[in-house]
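Have a look at the structure below, then the notes.
The values are calculated or read from the model by the stated rules, or taken from the named source; none is laboratory data. For clarity, every value in this text was computed on a predicted model and none was experimentally measured. Note that we place each Cβ from the backbone using ideal geometry, even for glycine, and neighbour counts take in every protein chain shown. To get the accessible areas, we keep the full protein, side chains included, count just its heavy atoms, and leave off ligands, DNA and RNA. Shrake-Rupley method; radii C 1.70, N 1.55, O 1.52, S 1.80 Å.
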Protein chains: 2
Amino acid sequence: MSKELGFNAIEMQYLRHSLALTTAQVAEIGKVSEADVIAWEAGEKPAHMPVQKKLIEIDEAIEMQVLNTCDGIEELFKSEPKRTLSFVVYPTQALYAQYNPEFLGTLPLAELYNTSAWRIKKECKLMLEVDVVLVPLDFESYKAYREKDGLKESRENRAKWAKAQL
Amino acid sequence: MSKELGFNAIEMQYLRHSLALTTAQVAEIGKVSEADVIAWEAGEKPAHMPVQKKLIEIDEAIEMQVLNTCDGIEELFKSEPKRTLSFVVYPTQALYAQYNPEFLGTLPLAELYNTSAWRIKKECKLMLEVDVVLVPLDFESYKAYREKDGLKESRENRAKWAKAQL
């Protein structure tokens with residue numbers, strides 16, 4: 001058992017699961033080979049400290065987003081009796097990168113954004129008694145919705161489209 | 001998009017990831033086929049409501065364990081200046097079932113117990129500034145440790161063994 005600081009093999013595994021990432025995705029984020037990640041999780045060698053730090057930063061960014069979003073949702077429902085809300089998530093990396101380029105720096109993969117959305121859903125249910133429904137963006141449906149009403153692409157119109165899916 | 005209550009495809013996926021389960025393990029817990037679970041997550045059919053309920057019960061049981069354990073740890077560190085603690089986890093289902101039969105009803109798989117341990121680690125770091133190290137039980141090492149000091153198998157002696165691994 002290593003006496004070094006940092007995560008051991010089983011901790012690396014559960015950190016990865018909690019972020020909904022594959023070993024290949026951890027490798028991509030950490031700029032290492034997938035074989036490295038697999039070796040870390042098998043306890044064959046200690047995980048690179050910069051990769052551990054990067055994953056922790058991501059987890060903290062997610063927790064911060066959960067906190068801020070839930071604060072916003074709490075504010076919203078002060079004057080709104082209906083306790084259901086839709087929240088757009090991204091089924092593919094291409095859609096995520098297209099619509100959320102500003103997030104790519106902190107949460108580089110769609111799975112990380114969606115994990116954040118899942119934690120928001122859970123927290124809203126528990127703390128605010130608000131039902132958040134995760135709505136995966138459907139490019140064609142969203143396009144048709146905008147064309148029908150002559151709407152531009154914007155975060156607000158994505159939210160409107162998502163609300164119409166409930 | 002279904003107007004029914006309950007989780008949609010992407011929500012089922014992220015619920016599963018948050019519990020560190022495979023599709024095969026969700027099938028095992030839900031007493032359905034893995035093909036069913038895969039179809040639910042692909043949005044081909046709605047997830048069986050009893051399975052959704054079972055997974056939510058498990059998630060709630062984990063959150064309750066996190067809460068209770070962190071309360072206990074907070075109590076412990078009121079009189080203890082050292083802010084590091086080891087916590088035994090189970091690398092295989094066989095070891096988990098052997099040492100924690102009383103947990104099998106609420107958290108049937110080792111992965112669920114370990115997920116709980118991971119969340120305890122995260123919560124303790126954030127709220128209590130206590131470093132929890134997850135120590136996978138090593139049967140041979142634990143056996144040798146007990147034989148050396150003539151110790152019986154018990155939760156307390158497992159904790160002592162884990163502490164000696166730090």
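Please work out which residue is surrounded by the fewest Cβ atoms within 10 Å (Cβ to Cβ), limiting yourself to the stretch A:131-159 and to residues that are assigned to a loop (DSSP other than H, G, I, E, B) and at negative phi. Spell out the reasoning first.
Filtering the stretch A:131-159 for residues assigned to a loop (DSSP other than H, G, I, E, B) gives A:137-138, A:150-154.
Then keep just the ones that are at negative phi; that gives A:137-138, A:151-154.
Values: A:Leu137: 20, A:Asp138: 16, A:Leu151: 15, A:Lys152: 7, A:Glu153: 12, A:Ser154: 10.
Here the answer is A:Lys152.
Looking for whichever is open to solvent by 50 Å² or more (accessible area, probe 1.4 Å), touching a residue at least 40 places away in the same chain (Cβ under 8 Å) and of a type in the set (A, V, I, L, M) here; the options are A:Met49, A:Met12. Which one fits?
Details: A:Met12 fails: open to solvent by 50 Å² or more (accessible area, probe 1.4 Å).
Result of the check over A:Met49, A:Met12: A:Met49.
Applying the selection to the stretch B:131-154, what residues are out of contact with any Phe, Trp or Tyr (no Cβ under 9 Å at 6 or more places or on another chain), more than 12 Å from chain A (Cβ to nearest Cβ) and either of a type outside the set (Ser, Thr, Tyr) or touching a residue at least 12 places away in the same chain (Cβ under 8 Å) (or both)? So that I can check it myself, show each step before the final result.
Residues of the stretch B:131-154 out of contact with any Phe, Trp or Tyr (no Cβ under 9 Å at 6 or more places or on another chain): B:131, B:139-140, B:143-144, B:147-150, B:152, B:154.
Okay, now just the ones that are also more than 12 Å from chain A (Cβ to nearest Cβ), so B:139-140, B:143-144, B:147-150, B:152, B:154.
Hits for the stretch B:131-154 are B:Phe139, B:Glu140, B:Lys143, B:Ala144, B:Glu147, B:Lys148, B:Asp149, B:Gly150, B:Lys152.
Scanning for something farther than 18 Å from B:Leu21 by Cα and among the basic types (Lys, Arg), does the stretch B:123-145 turn up at least one residue?
Yes, there is a match, as at least one residue in the stretch B:123-145 is farther than 18 Å from B:Leu21 by Cα and among the basic types (Lys, Arg).
In the stretch A:97-111, which residues are over 16 Å from A:Asp59 (Cα atoms) and either crowded, with 21+ Cβ neighbours inside 10 Å or of a type in the set (D, E, K, R) (or both)?
Restricting attention to the stretch A:97-111, the residues satisfying the condition of being over 16 Å from A:Asp59 (Cα atoms) are A:97-102.
The one that is over 16 Å from A:Asp59 (Cα atoms) and either crowded, with 21+ Cβ neighbours inside 10 Å or of a type in the set (D, E, K, R) (or both): A:Glu102.
Let me spell it out: the conditions are (1) assigned to a helix (DSSP H, G or I); (2) away from chain A (no Cβ under 14 Å); (3) of a type in the set (Lys, Arg), and B:Arg16 meets all of them except one. Which number is the exception?
(2)
Given the residues B:Glu60, B:Glu80, which is the only one that is over 23 Å from A:Thr23 (Cβ atoms), more than 14 Å from chain A (Cβ to nearest Cβ) and not aromatic (Phe, Trp, Tyr)? Walk me through it before giving the result.
Numbers: B:Glu60 fails: more than 14 Å from chain A (Cβ to nearest Cβ).
Of the residues listed, the single one that is over 23 Å from A:Thr23 (Cβ atoms), more than 14 Å from chain A (Cβ to nearest Cβ) and not aromatic (Phe, Trp, Tyr) is B:Glu80.
Suppose we filter A:Asp149, A:Asp131 for residues that are closer than 27 Å to B:Ile56 by Cα and of a type in the set (Asp, Glu); which single one remains? Give the steps one after another, and end with the answer.
Details: A:Asp149 fails: closer than 27 Å to B:Ile56 by Cα.
Only one candidate passes the filter, namely A:Asp131.
Residues checked against (1) modelled with pLDDT of 95 or more; (2) more than 25 Å from B:Leu15 (Cα to Cα); (3) among the polar types (S, T, N, Q):
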position	(1), (2), (3)
B:Lys121	yes, no, no
B:Ser141	yes, yes, yes
B:Trp161	yes, yes, no
B:Gln165	no, yes, yes
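Anything in the stretch B:90-111 that is away from chain A (no Cβ under 14 Å), more than 16 Å from B:Asn68 (Cβ to Cβ) and outside any helix (DSSP H, G or I)? List them, or say none.
B:Leu104, B:Gly105, B:Pro108 - these are the residues of the stretch B:90-111 that are away from chain A (no Cβ under 14 Å), more than 16 Å from B:Asn68 (Cβ to Cβ) and outside any helix (DSSP H, G or I).
Which ones in the stretch B:70-108 are within 20 Å of A:Gln13 (Cβ to Cβ) and without any contact (Cβ under 8 Å) to a residue 40 or more places away in the chain?
Pass one, the stretch B:70-108, residues within 20 Å of A:Gln13 (Cβ to Cβ): B:85-97, B:99-100, B:103, B:107-108.
B:Thr92, B:Gln93, B:Ala94, B:Tyr96, B:Ala97, B:Asn100, B:Phe103 - these are the residues of the stretch B:70-108 that are within 20 Å of A:Gln13 (Cβ to Cβ) and without any contact (Cβ under 8 Å) to a residue 40 or more places away in the chain.
Residues of the stretch A:112-130 being open to solvent by 10 Å² or more (accessible area, probe 1.4 Å) and either closer than 24 Å to A:Ala24 by Cα or more than 9 Å from chain B (Cβ to nearest Cβ) (or both), which ones?
Quick first cut of the stretch A:112-130, residues open to solvent by 10 Å² or more (accessible area, probe 1.4 Å) only: A:113, A:118-119, A:121-123, A:125-129.
Those that are open to solvent by 10 Å² or more (accessible area, probe 1.4 Å) and either closer than 24 Å to A:Ala24 by Cα or more than 9 Å from chain B (Cβ to nearest Cβ) (or both): A:Tyr113, A:Trp118, A:Arg119, A:Glu123, A:Lys125, A:Met127, A:Leu128, A:Glu129.
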